[in-house]
1. Stokes-Einstein diffusion coefficient for segment 1-71 at 25 °C in a medium of 0.890 mPa s, Rh from the Kirkwood formula over Cα pairs: what value in µm²/s?
2. If contacts are Cα pairs under 8 angstrom and at least 6 residues apart, what is the relative contact order of the chain in percent?
3. Suppose every K and R has +1 on its Cβ and every D and E has -1 on its Cβ; what is the size of the dipole of the chain about the Cα centre, in Debye to the nearest 20?
4. I want to verify a result. In a Gaussian network model of the chain, Cα cutoff 10 Å, which of these has the top mean-square fluctuation: 16, 71, 129?
5. With the calculation restricted to Cα positions, what are the radius of gyration and Dmax of segment 1-41 in angstrom?
6. At 0.36 nm per residue, minus the direct Cα-Cα distance, what do residue 6 and residue 68 gain on full extension? Give it in nm, one decimal, please.
7. Taking amide hydrogens as modeled 1.01 Å from N in the peptide plane, which residues meet the under 5 Å criterion relative to residue 26, leaving out close sequence neighbours?
8. Rounded to the nearest 0.05, what FRET efficiency do residue 14 and residue 110 have when you use their Cβ-Cβ distance and R0 = 35 Å?
Amino acid sequence: VLKLAHVDMYATLKINSEIYNLAIEHDGKQHDQNDPHGALRAYLGIQARNGRFTTQEVNQILADPTSTDYNKYMAELEKLWERDDAKDKLFLDLKEDGYYLIRIPAYKVNGIENIQKYIIKEFFDLTKNNIPYSYFNPFKL
């Protein structure tokens, strides 16, 4: 499966003698399909940090949603969303085989304790099983 889809984190968990293949994506604001303009701002900001644009160029692109450049980069962003949707579908199709995907919306959930709680809740929602808290603290007894 991992050859078919890149994920940020992956773990195989054994809980009550059942095996769970858990993939985790840590999604930035650019993955938020409910806020296209904010997602584009985040996407272009990443591109600027990588040297593709200056901050001034990003602001010029975002200033005119009718411009060719705005629509060009929105199309790039939509391709990212299509890959997200394909990955979601892949993991839904593989759920019966014990593969699960949790997406952490990093623009809404931050801080290690909140992320841990989010993963535990999402894992339970997907599997109806709890992740033992000790899985998050392997060095504490």
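1. Working: Rh = 14.8 Å.
Value of D from the Cα-based Kirkwood radius: 165 µm²/s.
2. Working: 132 pairs, mean separation 34.1, N = 141.
For the chain, the relative contact order is 24 percent.
3. On the way: 18 positive and 21 negative charges, 94 e Å.
Charge dipole, the chain, about its Cα centre: 440 debye, nearest 20.
4. It is 16.
5. 14.9, 46
6. Values: separation 62, 0.36 × 62 = 22.32 nm, distance 3.06 nm.
Gain on stretching residue 6 to residue 68: 19.3 nm.
7. Close amide H contacts, sequence-distant or interchain: 8, 104.
8. On the way: r = 29 Å, r/R0 = 0.83.
Efficiency, rounded to the nearest 0.05: 0.75.
The values are calculated or read from the model by the stated rules, or taken from the named source; none is laboratory data. Given the structure is predicted, the values throughout are model-derived calculations rather than measurements. Note that each Cβ is placed from the backbone with ideal geometry, even for glycine, and that neighbours are counted across all protein chains shown. What goes into the accessible areas is simple: the full protein's heavy atoms, side chains included, and nothing from ligands, DNA or RNA. Shrake-Rupley method; radii C 1.70, N 1.55, O 1.52, S 1.80 Å.
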